[in-house]
Structures are given as C-alpha cells and as structure tokens.
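Read through the structure below, which is laid out as structure tokens, and then see the notes.
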Amino acid sequence: MERTEWKAFVDELRTQWKKLWRDRIDDKVKAEGIACQDYSSLFVDRGTVIVATRDFKPVDFVEILEHHKPSDVPNAIPPRPAVGGCGKFIRNTLSKQKRFTRRERLAPLKKGHSKNQQKKKGGRGWLHI
C-alpha cells in the first residue's frame with residue numbers, strides 16, 4: 001500500500017468515524033450512545049455501545065488505525081501528543097519561552113518625566129475655587 005492509498009483509506013475511515021458519532025442513537029434512560037449501523041472497518045457492529053457515562057472505555061480512532069496500519073508505510077500514524085510529536089514540543093518548548101510584545105520592547109519611561117509636563121488647571125488642581 002502506497003502513501004497516497006493509505007491517506008485515502010484514512011480519509012474514508014474519518015468520514016465513517018464522523019458518521020458513527022453523528023448518527024448514533026442516544027438512550028436517555030440508560031445514558032448511552034448506541035451505533036445505529038454496522039461499521040466493519042471501524043470494528044463496530046449495530047447496537048454496540050460507543051459512549052456511556054460510567055466505567056466505559058470508548059472506541060479510539062488511533063487504535064483502529066493501528067489495526068489497519070500497513071507495515072510498508074513508515075510513520076503512517078503520528079505519535080500521540082503525550083508521547084511525543086508536535087503537541088509535546090509545543091507544550092514543553094514553545095509555551096515556556098518568553099513572549100515579546102510591543103510594550104516590552106519600548107524603552108521604559110524616565111522617572112523625571114512627570115516634572116516636565118504642564119500641570120492641569122495651572123497647578124490649582126481639579127477644584128474650581
């Protein structure tokens with residue numbers, strides 16, 4: 001399987017994944033989401049519980065990709081953000097760098113700057129006497 005074929009296959013899996021979650025049947029009494037169709041490529045049969053509120057491991061898209069992953073395509077699945085990759089790099093490196101804004105780059109004001117300014121009301125203050 002080539003890279004382009006793998007990419008097309010993953011796109012097809014994504015459309016089925018979105019359809020699975022969009023068309024599920026929500027059971028309000030049992031607080032579950034149930035698959036309404038068979039999705040053989042996602043390893044989900046009709047009537048399978050795909051989401052529940054307690055003690056439930058939901059279906060994971062990355063695990064499905066790992067089952068379908070071909071051996072001849074290197075780096076077919078990117079690593080999870082917790083393991084490594086772009087997400088971990090952003091969290092550990094880029095988010096901890098000091099950010100430069102326009103205000104920080106400007107030179108600080110001199111302390112004697114207020115002495116050179118003209119006072120309001122000729123120095124009499126705000127009250128009209």
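Here, each number is a calculation from the coordinates, and none is a lab measurement. Bear in mind the structure is a predicted one, so any value in this text is a computation, not a measurement. Positions of Cβ are backbone-derived with ideal geometry, glycine not excepted, and every protein chain shown enters the neighbour counts.
Put a dot 7 Å past the Cα of Cys86, heading toward its Cβ, do the same for Asn116, and the two dots end up 4.9 nm apart. Residues whose amide H comes within less than 5 Å of that of Val51, counting only those at least five positions distant or on another chain, are Gly33 (H built at 1.01 Å from N in the peptide plane).
What the Cβ-Cβ distance of Lys98 and Phe43 gives, at R0 = 30 Å and to the nearest 0.05, is a FRET efficiency of 0.05. If you take the square roots of the eigenvalues of the alpha-carbon gyration tensor of the range 1-89 and sort them as a ≥ b ≥ c, do you get rounded (a/c under 1.5), prolate (a/b over b/c) or oblate? Judged from the Cα gyration tensor, the range 1-89 comes out oblate (a/c at least 1.5, b/c at or above a/b).
Cross-link pairs exceeding 31 Å in C-alpha to C-alpha distance, out of Lys57/Lys96; Lys19/Lys96; Lys7/Lys88; Lys19/Lys57, comprise Lys57/Lys96; Lys19/Lys96. Using a Förster distance of 30 Å, how high is the FRET efficiency between His68 and Ile25, based on the Cβ-Cβ distance and rounded to 0.05? Efficiency, rounded to the nearest 0.05: 0.70. Note on Lys119: lysines with a C-alpha under 26 Å away, same-chain residues under 8 apart excluded, are Lys110, Lys111.
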